[in-house]
Amino acid sequence: MKLSGILVVVTTWFLFATPASAASVVNSVHNLSPTGPGTVRAAEDSGVCEFCHTSHMSSPVAALWNRRSAGSTYMPYSSSTAKASPGQPTGSSLLCLSCHDGTVALGDVLSRAAPISMAGGVTTMPPGRSNTTTDLRHHHPISFIYDSGLAGLQGELALPANLPPEIRMDSTGQMQCTSCHDPHDDSFGDFLVMPNQSSSLCLECHLKDGWPTTPHSQSGATWNGQLPDPWPVAQDQTVATNACRNCHENHQTGGGPNLLRNASRIDNCAACHNGNVASQDVMASFGKISTHPVASTADIHDPVESAVVIDRHVACSDCHNPHKPTPDQPGGGVRPAPQVRGVDLNNTEQSPATRVYQVCLRCHGDSPGKKTPLVRRQLDQDNVRAEIQPGNPSFHPVAGPGQNTDVPSLIPPWNEQSIMDCVDCHNSDSAVTQGGVKGPHGSSFEPILVRNYETTDFTRESPNSYALCYNCHNRNSILNDDSFGEHDKHISGEDSPCSACHDPHGISATQGNTTNNTHLINFDTTIVKPNSMGNLRFVDQGRFKGSCDLLCHGKNHRNKSY
């Protein structure tokens, strides 16, 4: 009787020392007694605290613990980007898991000979977000040392000394469940230790470079109500208030590594960028004739993979950094590069990229397994890095100004000193319409071209046939033979495509030379053949002059000059 009386006094003090408010465990789902507000409650008389604590007969751990150890072996979180190496749960996290892993009966407490019976036949934690199971790979990592050394390795973690007092490591310096959750206080929802509006709790530890100015932290866009629901768990009102939770979850994630909300990487972007939240339906571009194959290859992506992509794929995050915005477009000149990794002209990683083409070269440079080029050339080359080198005999001016100092067909503001980007040609065809989706996601014109570019022989010349070329080169100038005396004859009279003679990326100096391969001359060998002497060549003879040895449309050219 005496012991029982002490237990009553202790329990009564614990329950009523603090007023019964939202901050009290009494009014939270952690009150598993018959009076608790949750759907999981005891079917028999029990105390509020008894499910976790007891004054006597407790386990030899802190907080007078009243529960049996699960004795489970857990699969801890792991990620290629993580610098910490969580092992089996320890400390308070292990105590939390004695209920939340779903292996031990909720009423199985040390202070009773028989488990407390639960209402509705419930025994263990019901399936759902609160039931972690023993597979912790889809939950924020726990039970690892969080110190200044880890923060230095990770690069974007706050120093422990700079964390607010609400976020605490345990006595051994480890991050535990209790670093983010207070099991006795549900004032902020999910038993969080502080509010998480706009992911403010997440951002106390995770200092993502550039995050405060990215649209994902600032956008007031809301869901239009069209299914699927982009925020099935995070139900705040805007992109900005959801913040990290637009893409990530702390518990029961679909993506495992990186805590992505959806298992498929592309689905995390598609949830908003299908027009249901973002103003433009980017995903529609991937249904066009020519696309970057994100739907079939995105899940191959690993954030720490080689800068030069070996296992060819493309994911949204290869070209976009969701945590850091691309700088605003400056007044003229080349476009600012997205804040992701790239590869420079020497095949060396550039992080972050300083030019758009460096991002493209990750896959379109020295990567193995590239597709056969659409046009078969006299000098075949599938490495764009080799084609755009400024030391080449000729090249489109992507990496630097072109070799030709006299191009009368250029449409202002383009001139001989201009530098262009890959996306001036390779872009969504909707990019030319006001408000259209921009970027090389997909196009109606192969290979992801912003305008039409016919490469088939005997194509009738028109503004549309070579719209891509005429975007920069004045059509009248070309057909008036301002730079080449027989442009009109070849394009209009013979119905030969521009691509029959010109290789748009450029000709590598390791293959061509300044005698035969200036002016982007590199013949399409399905149209242009060796002549009767077995020769196939163009010879540059000075300004607007040259000669050809070839066979084309049945006509044999032997040192034919222009």
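Just a few scattered comments:
- For the residues Asn268, Asn276, the requirement of being touching a Leu at 6+ places or on another chain (Cβ under 6 Å) and either at pLDDT below 95 or within 29 Å of Gln434 (Cα to Cα) (or both) singles out Asn268.
- Residue within region 519-533 that is under 19 Å from Asp549 (Cα atoms), of a type in the set (Asp, Glu) and at pLDDT below 95 present: no
- Comparison of Ile478, Ile507, Ile491 shows that the only residue that is buried (at least 16 other Cβ atoms within 10 Å of the Cβ) and touching a helix residue (DSSP H, G or I) at 6+ places or on another chain (Cβ under 6 Å) is Ile478.
- Qualifying residue in region 186-195 (condition: in contact with a Gly (Cβ under 6 Å, 6 or more places away or on another chain), closer than 26 Å to Asn31 by Cβ and in a loop (DSSP other than H, G, I, E, B)): no
Yes/no matrix, rows are residues, columns are (1) modelled with pLDDT under 95; (2) part of a loop (DSSP other than H, G, I, E, B); (3) not hydroxyl-bearing (Ser, Thr, Tyr):
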| site | (1), (2), (3) |
| --- | --- |
| Thr326 | yes, yes, no |
| Pro330 | yes, yes, yes |
| Pro336 | yes, yes, yes |
| Val340 | no, yes, yes |
| Asn347 | no, yes, yes |
| Val359 | no, no, yes |
| Arg362 | no, no, yes |
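- Selection from region 276-297 of residues that are in contact (Cβ under 8 Å) with a residue 24 or more places away in the chain and either of a type in the set (Ser, Thr, Tyr) or assigned to a loop (DSSP other than H, G, I, E, B) (or both): Asn276, Val277, Ala278, Ser279, Gln280, Ser285, Lys288, Ile289, Ser290, Thr291, His292
- Restricting attention to region 89-128, the residues that are within 20 Å of Ser59 (Cβ to Cβ) and either touching a residue at least 24 places away in the same chain (Cβ under 8 Å) or within 44 Å of the chain's Cα centre (by Cα) (or both) add up to 26.
- Inclusion of Phe458 among residues that are in a loop (DSSP other than H, G, I, E, B), touching a residue at least 24 places away in the same chain (Cβ under 8 Å), touching a Pro at 6+ places or on another chain (Cβ under 9 Å) and of a type in the set (Phe, Trp, Tyr) is warranted.
- Residue check, Leu106 of a type outside the set (S, T, N, Q) and closer than 19 Å to Ser130 by Cβ: yes
- Residue in region 520-533 that is over 30 Å from Ser317 (Cβ atoms), in contact with a Gly (Cβ under 8 Å, 6 or more places away or on another chain), of a type in the set (S, T, N, Q) and in contact (Cβ under 8 Å) with a residue 40 or more places away in the chain present: yes
- If you go through region 300-315 and keep only what is at pLDDT 95 or above and in a helix (DSSP H, G or I), you end up with nothing.
- Single unsatisfied condition, Ile300 versus (1) under 25 Å from Gln511 (Cα atoms); (2) surrounded by fewer than 18 Cβ atoms within 10 Å (Cβ to Cβ); (3) without any contact (Cβ under 8 Å) to a residue 24 or more places away in the chain: (1)
- Qualifying residue in region 470-481 (condition: touching a Pro at 6+ places or on another chain (Cβ under 8 Å), among the aromatic types (Phe, Trp, Tyr) and free of Cβ contacts under 8 Å to residues at least 60 places away in the same chain): yes
- Among the residues of region 347-355, not a single one is surrounded by 21 or more Cβ atoms within 10 Å (Cβ to Cβ), within 16 Å of the chain's Cα centre (by Cα) and more than 26 Å from Ser418 (Cβ to Cβ).
- Cys96 meets each of the listed conditions (1) buried (at least 17 other Cβ atoms within 10 Å of the Cβ); (2) of a type in the set (A, V, I, L, M, F, W, C); (3) assigned to a loop (DSSP other than H, G, I, E, B) apart from (3).
- Any chance His216 is surrounded by 15 or more Cβ atoms within 10 Å (Cβ to Cβ) and either over 30 Å from Pro76 (Cα atoms) or touching a helix residue (DSSP H, G or I) at 6+ places or on another chain (Cβ under 7 Å) (or both): yes
- Residue in region 542-552 that is nearest to Val407 (Cα to Cα), counting only those that are of a type outside the set (A, V, I, L, M) and either at pLDDT 95 or above or in a strand (DSSP E or B) (or both): Gly546
The values are calculated or read from the model by the stated rules, or taken from the named source; none is laboratory data. Since the model is a prediction, treat every value here as computed from it, not as a measurement. Backbone-built Cβ (ideal geometry, glycine too); neighbour counts: all protein chains shown.
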